[in-house]
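Report on one structure; see the data block that follows.
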Amino acid sequence: MNILISMIDIYLFMPELFIIFSFFILLIYGVSISTNKNYGYPVLLRSIGYLTIIVFLFTLFFLIKSSDFSSVYFSNFFFSNQSLKWIKITLLIISIFYIFLIVSNIHLEKLNIFEFFLLFLLTILAIFLIISTFDLISIYISLEILNLTFYVLATIKRTSEFSTEAGLKYFILGVFSTGILLFGISLIYGYTGITNFTDLNIFIQNLIENKNVIEFPIQLLLGLVLISVSFFFKLSAAPFHMWSPDVYEGTITSVIALFTIFTKVIIFYLFINLFNFAFYDLFSIWQKLVIFCAFFSLFLGTFIAFIQTKFKRFLAYSSINHMGFIIMAVSSANCNGFYSLFFYIIIYILINLGIFSSFSSLRSVTSYKVNQQARYINEFIILSKTQPMVAFSMLIIFFSIAGIPPLAGFFAKLIVFLTCLENSFYSLVIFSILISCLAAFYYIRIIKIIYFDNFEIWPIYLPIDRLKANVLSFSVLSLTLFCLNPNLIINIIYIIVIM
């Protein structure tokens, strides 16, 4: 019986095991070839990137062939079901697009570090563990694996003092948020003696049914609040956002894309798992904190983004603003809320793929410097003349992220508003609509700079490479064709949430 259980655990854990073995094989390959004098110390950056894509394709095959039944494994530390299977498949497809996006960008950043893609493999492994976790202990261990890879990636450009400063800030505040998480877990375990989600749910239900209990113990409530605060730190939701603008500004564009695209998805899914399986009966308590963060993120992300001149800091505050909309969907805590959450996140990912593929391609030749990355928003001036297709793509993307119909971003916000109206969050909906109208101005400001501003010096931009053009085309076509045939994304969300 023990052998049978072990084989079932290994079968369910097969995609993660394959990523682990592939990581060690690629590490041995990279170290042995890149340090070999007979081969002339070759640059393995591009080849390791394409091998990583092959690893993801095989992992995709293992996931498609895996079981659709709901089950737990490894002593109830992890769980698996059809919804989780499709989320992993979606993340792998996004990961392949991400590699297409950065494989040439890292070369232009003059980073001869093939370990970047190995760290990305560990990141995907940690993401799979996080969204599969079914225990407070596995939450902590999985998040620590992810944090360690992010600390290294944030400082991967060792020749830049800005990257070093960003990595140090991210490390200090990341350790602080992890300490808050561990303290919250210890308080819950100290009172209940339980870490499993199902057991915690049963314990809280018995606590509610006990008529002698008038209010919940302070240890349980404080532990719940501390865990929520730690998650909001990871999401850079206001007022726990202080690390985000500085880290965005100092880190290379490829790593910022990784933080923006992947971190938000997994933390929100972890948020749903924890509070849906374990602490759903305490919904009215943690909902107040969620609504407060939604208000604050919408307000702060909108008004501080107005005064930003650097594009990376602008993206940081723009993402804080969008965290407010996503948190609004989380505050509903029902099937419609989860539906609107995943719908908004998929549109958010498509938008960010377009933003980073266009932004990372804007490398100008100024002051006798080649491949200089654009930093300031004003550098987008007259882009409509020098790169007309990139300029048009940015117009579609920024109109979509501003929520202008009939693009996909408008429907993403609309579904969140309708979900909140069903739950009688009228003040939150009115406030978010007003904030959306204000936020549209700073997106339109960028369009004005691209198309209508006068210029003194004609900027010379290098042409966009083929891989980034493919990713940009995919993003723009997805955002524009959605209004013609929305059933594709709607069916994907239905499979993820309902199945």
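Looking at I204, I256, I267, just one residue is out of contact with any Lys or Arg (no Cβ under 9 Å at 6 or more places or on another chain), in the same structural domain as I327 (by TED's automatic domain parsing) and β-branched (V, I, T), and that residue is I204. Scanning the stretch 382-427 for residues that are charged (D, E, K, R) and closer than 30 Å to I460 by Cβ returns a single hit, K385.
Exactly one residue out of Y73, Y151, Y140, Y98 is among the hydroxyl-bearing types (S, T, Y) and within 15 Å of the chain's Cα centre (by Cα), and it is Y98. The residues on offer are I141, I172, I89, and the sole one that is farther than 26 Å from I25 by Cβ and without any contact (Cβ under 8 Å) to a residue 40 or more places away in the chain is I172.
Residue-by-condition table, conditions (1) of a type in the set (G, A, S); (2) surrounded by fewer than 17 Cβ atoms within 10 Å (Cβ to Cβ); (3) in contact with a helix residue (DSSP H, G or I) (Cβ under 8 Å, 6 or more places away or on another chain); (4) in contact (Cβ under 8 Å) with a residue 12 or more places away in the chain:
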position	(1), (2), (3), (4)
Y189	no, yes, yes, yes
N206	no, yes, no, no
I218	no, yes, no, no
S228	yes, no, yes, yes
T253	no, no, yes, yes
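Determine whether T198 is out of contact with any Phe, Trp or Tyr (no Cβ under 6 Å at 6 or more places or on another chain), modelled with pLDDT of 90 or more and part of a helix (DSSP H, G or I). Answer is no for this residue. Taking the criterion of being closer than 26 Å to L119 by Cα and not in a helix (DSSP H, G or I), the residues of the stretch 241-290 that qualify are H241, M242, W243, T251, I252. Of note, S67 satisfies the criterion of being more than 25 Å from N352 (Cβ to Cβ) and either modelled with pLDDT under 85 or among the hydrophobic types (A, V, I, L, M, F, W, C) (or both). Every test in (1) free of Cβ contacts under 8 Å to residues at least 12 places away in the same chain; (2) touching a Ser or Thr at 6+ places or on another chain (Cβ under 6 Å) is passed by E161 save one, and that test is (2). Condition check for S367 on (1) at pLDDT 80 or above; (2) out of contact with any strand residue (DSSP E or B) (no Cβ under 9 Å at 6 or more places or on another chain): one failure, at (1).
Of the numbered criteria (1) more than 17 Å from I345 (Cα to Cα); (2) at pLDDT 75 or above, the one L484 fails is (2). Taking the numbered list (1) surrounded by fewer than 12 Cβ atoms within 10 Å (Cβ to Cβ); (2) at pLDDT 85 or above in turn, S177 passes all entries but (1).
The values are calculated or read from the model by the stated rules, or taken from the named source; none is laboratory data. Keep in mind it's a predicted model, so treat the numbers as computed, not measured. Here Cβ is always computed from backbone atoms with ideal geometry, including for glycine, and neighbour counts include all displayed protein chains.
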